[in-house]
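Only one structure is covered here, and it is reproduced in the block below.
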């Protein structure tokens, strides 16, 4: 393979920062008819992570898809990150990935076919790590390249976790640091050091498997994963679906090393501003939250962590267990659930 080919040279916005603005997407979806079926446990109504369909009393199917342009230079790593990101939607609902289809948009006239193969190999490695299998896929000629998966998982209907179950008094837990969008922007603009950028790539390749298994074990009430709409955008959707408000302490949010410094130097991706526009006046920030932190909670994440609403009596124990299983885990209590109030999100 041509080691000199850099996938980042093909894109302007990579990873989950390439998503359509959440506000535009919500505007379109509100006019579409909803499917009605007594076995359809989760549809698009709550903007959850995936659709869920009950096939019997013991098993429900989780169905999801996700794909995006390159988030890094190396094709194998791009495949790993894109697959981890797609699998995360199954984990966010407490499920177990079962099988997947590759989704690939690729121009053989512009990029060596060896790159195509490396992307697929990277994706397959993560699907296998998840204990699932790839059973085929679909490819079209397109540029810039895009890759991801359509994934089917399983979950017991009684153990399904959605984004609509957060209750007042619950603690809010985040399992990965934020700042992946910042670090990719910093890398492209020469503002991130190699060690910090490598740490961001390694985090994006990390499956949310352990977090999901622990969440199911503790019987948590609500969960989502943090991706393209940033921490603030996904928290907003979860609060709205649950008819509650959230208080989030910004000093408790784990940040990727170097992410704050990249934003301080002015390298803020366009997706961050789109996410900020989406949350708008539904998010309140106290004067103690500086500009860079305000922007970082809107930073578009790729293959981000799980965001959980946990009963207060279980929160500390859950965090301890996650860190005992993986000392690198950044699981942290970052806030609490409030009764529904004029604003959905309160950052302090």
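Just so you know, all these numbers are worked out from the coordinates, no wet-lab data involved. Please read all numbers here as calculations on a predicted model, not as lab measurements.
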Size of the chain as Cα extents on the principal axes (Å, biggest first): 55, 52, 45
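Rounded to two decimals, what is the ratio between the C-alpha radius of gyration of the stretch 240-348 and 2.2 N^0.38 Å? Please list the in-between numbers first.
Working: Rg = 14.9 Å, N = 109, 2.2 N^0.38 = 13.1 Å.
Rounded to two decimals, the normalised Rg is 1.14.
Need one word for the stretch 84-215: rounded, prolate or oblate. Basis is the Cα gyration tensor (sqrt eigenvalues a ≥ b ≥ c); a/c below 1.5 gives rounded, then a/b vs b/c decides. Working shown, then result.
Details: a/c = 2.40, a/b = 1.28, b/c = 1.88.
Oblate, since a/c reaches 1.5 and b/c is not below a/b.
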In percent, what relative contact order does the stretch 171-347 have, based on Cα pairs under 8 Å that are 6 or more apart in sequence? 47
So how much slack lies between residue 27 and residue 129, counting 0.36 nm per residue of separation and subtracting their Cα-Cα distance, in nm? 33.0 nm
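Scaled to the compact-protein estimate 2.2 N^0.38 Å, what is the alpha-carbon radius of gyration of the stretch 183-307, rounded to two decimal places? Please report the intermediate quantities before stating the final value.
Values: Rg = 15.0 Å, N = 125, 2.2 N^0.38 = 13.8 Å.
Here the Cα radius of gyration is 1.09 times the empirical estimate.
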The stretch 7-159 - Rg and Dmax from Cα coordinates, angstrom: 16.4, 50
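Restricting the count to DSSP beta bridges whose residues both fall in the chain, what percent are antiparallel, rounded to a multiple of 5? Don't skip to the end; give the middle numbers.
On the way: 40 of 53 bridges.
Just about 75 percent of them are antiparallel.
Please report the relative contact order for the chain, taking Cα pairs under 8 Å with a sequence separation of at least 6, and give it as a percent rounded to a whole number. Let's see the in-between values first.
On the way: 836 pairs, mean separation 80.5, N = 348.
About 23 percent, as a whole number.
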